[in-house]
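First the structure, in the form of structure tokens, and then the observations on it.
Taken together, the values in this text are just the output of simple stated rules run on the coordinates, not laboratory data. Everything quoted here is computed from the prediction, not taken from an experiment. Neighbour counts are summed over all protein chains in view; Cβ atoms, including those assigned to glycine, are modelled from backbone coordinates with ideal geometry.
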Amino acid sequence: MISYDEFAKVEIRVGKILSVEKVPDSQKLLKLSVDFAEGAPRQIISGIAKYFLDTATLVGKKVMFATNIEPRVILGLESNGMILAVSTEDGKFSLLEPSPEIPEGTKAK
């Protein structure tokens with residue numbers, strides 16, 4: 001269990017995926033370029049490749065991200081956030097997507 005104050009530190013925002021590339025030498029990782037209405041997109045590395053054989057389906061999607069976690073280097077690539085998703089033990093998977101009219105950069109409350 002974590003306290004409410006600890007949870008309140010997590011910043012969750014809407015990001016629009018601008019581009020997606022498979023990470024070389026990895027079957028799990030994708031490199032996302034994500035717009036959070038900050039002036040420049042952020043690079044986010046995510047282990048969701050097995051759920052998106054056609055990565056083009058991710059381009060243009062608005063998805064929820066944790067945006068205030070410390071940057072992490074994964075296979076030599078810096079990741080500046082974490083995509084939010086759910087999965088079940090029997091293989092069902094879903095990204096957490098806001099309503100389409102919610103603009104990029106909007107913070108969850």
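Tabulated results
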quantity: Order of 4, 51 - criterion: other Cβ atoms within 10 Å of each residue's Cβ, fewest first; calculated: 4, 51
quantity: Options (1) 7.9; (2) 9.7; (3) 7.1 - which one matches mean projected area of the Cα convex hull in nm² as calculated here; calculated: (1)
quantity: Length-normalised contact order for the chain - Cα pairs under 8 Å, 6+ apart - percent; calculated: 30 percent
quantity: For residue 76, net neighbour charge (Lys/Arg +1, Asp/Glu -1) across residues whose Cβ lies under 12 Å away; calculated: 0
quantity: Net charge of neighbours whose Cβ lies under 14 Å from the Cβ of residue 100, counting Lys and Arg as +1 and Asp and Glu as -1; calculated: 0
